[in-house]
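The structure under discussion appears below in the form of structure tokens.
Since every read-out is calculated from the coordinates, none of them should be taken as a lab result. These numbers were taken from a predicted model, which means no experiment stands behind them. With ideal geometry, Cβ positions are generated from the backbone for all residues, glycine too; neighbour counts draw on all protein chains shown.
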Amino acid sequence: MVSSRNEENDFYFSCVQSPYKWELTSDPYSDIRKKKFPILKDTYNSMQEYYKVIDPLFHIECKEELRSFNEKLNERKINFKDVAVNVDVKAFKNSNDSFHLFENTSCYLKIAMPYYFLSGYDGMDFIQSGTKHKEQRSSGEIKWNDLLYLAKISDDFKTIYFDTLMFYRKSDSIVNDYDESTFSLDSSDFDDDDDDDDFIKKMRSLNLGNTISPDDKLNIICMTCISSEKIDRLQYEIIRERGQWICIHIMSFGAIIKEYRILNYLVENSSLPICKIITSGKIDPAINKSIIYYGPEYKNITKNVINDYKLNESQACALCKVKGRAISLIHGPPGTGKTSVLVAIIDRELQYNILTGNESKILVCAPSNYACDEIIRRLKKEEKDKEYIKSFRYRASDEMNVKFKKDINEFNQINSIFSEDENIKFLKLLNMF
């Protein structure tokens, strides 16, 4: 049976090291200094032993984005005007079903937030500066359980009256002037078993996402786990007329949830071949294999690409070994040239396809907007001297369903990449995700 989104997320958020337990502290790195962590080894007797070593290190790494934010906050190095948005805290209510694993009470907030912030853009001056001067967050639009920072702060940004961490749940409706005085929060607002009633998703499903203006404010439901003392302070600040409420996006958990699920899956299925590689530390290293060229037509192209991208031995070997394989996994620490190899593979395949008269398209997918941006930046750099590289980057925005066909057609008219039938097939492919 396929798990629902919340079942998968709860698997991580309900663990002992759950993000629901995270707090802002005066010393954000104390949890690292005060703990003794297991020492990494080259080999392990079992996947269970591997898990005992990796699990605490995994959770320490997951929290790094919060620690970095917390440290900057303590040192007053955050430019609130640039990264925060003004919001209105409209309603507050304790949950009738607080998480039994946690000491603090789970509470739900109804907050009016600007649509551009939910769409992936930060800054109080966004409406004036627009997308030409503002880059979208690398994590894109705000998603279920994204970690947010909420604060009541003075108008001069010097004094923080109240602050807390909270988790995004769903969008509820567009804020209207006439319903401000009767704004309330009922139990249905924080029923998050699924997101079928998410307002933004409803609008997009009806192809009405483009009817919402970037500066429109939407009613949003968020959850926070706070002590009874902070609850009293929060209630006080909601009714106290001073300063302004602000919100900052700290991090998303998409990749973390996937990694945690895979880690636990491997422990539960330790008979898988990859588990033996993990515990033994032995794998057939690519760097020990001689570089093989596949066919005479391939030889010169591959050699030229290796020289052009200045690939080292392991990178060049990876370039050669992916040919003819249904799937390949290229793994390495940051800075080892994985993106360079990817661009080199794309370049080599495009050249070879032209040589053999089998011109085709290559679809590149990545888990984050940042990764896609980096790949397209590299490809655009290559386009200057290589006419056969015609790259196109489309960001998943609110108007995607409405604008995509128009944009792809305009791009196709200039570069003659897709036929009309291919346009339709590509749009159908996108609808599967």
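Brief remarks follow.
- Principal semi-axes in Å for region 10-78 [√(5λ), Cα gyration tensor, largest first]: 27, 15, 9
- Candidate lysines for bridging to Lys321, where Cα separation is under 18 Å - those fewer than 8 sequence places away on the same chain excluded: Lys289, Lys299, Lys303, Lys310, Lys338
- Anchor Lys230: lysines whose Cα lies under 21 Å away (excluding residues fewer than 8 positions away in-chain): Lys21, Lys90, Lys93, Lys110, Lys152, Lys158
- Inter-centroid distance (Cα atoms) of region 249-283 relative to region 312-375, Å: 24 Å
- Lys63 long-range amide H proximity, modeled H, under 5 Å: none
- Neighbour net charge for Asp163 - beta-carbon separation under 11 angstrom, K R +1, D E -1: +1
- Residues of region 59-81 with amide N under 19 Å of a point placed 7 Å along Cα→Cβ from Ala255: 59-70
- Region 22-51: chymotrypsin sites (Phe, Trp or Tyr not before Pro) in DSSP loop, at most 11 other beta carbons within 10 Å: none
- Between Asn269 and Lys81, the C-beta separation translates, for a Förster distance of 56 Å, into a calculated FRET efficiency of about 0.65.
- Karplus-derived 3J(HN,Hα) values for region 61-77, using 6.51 cos²θ - 1.76 cosθ + 1.60 with θ = phi - 60°, are 5, 4, 8, 4, 5, 5, 4, 4, 4, 4, 5, 5, 5, 5, 8, 6, 9 Hz; glycine and proline are entered as x.
- Amide H contacts of Ile174 (H built 1.01 Å from N, under 5 Å, at least 5 apart or other chain): Asn219
- Amide H contacts of Ala91 (H built 1.01 Å from N, under 5 Å, at least 5 apart or other chain): Lys110
- Take the Cβ atoms of Ser368 and Ile60, set R0 to 22 Å, and the FRET efficiency comes out at 0.55.
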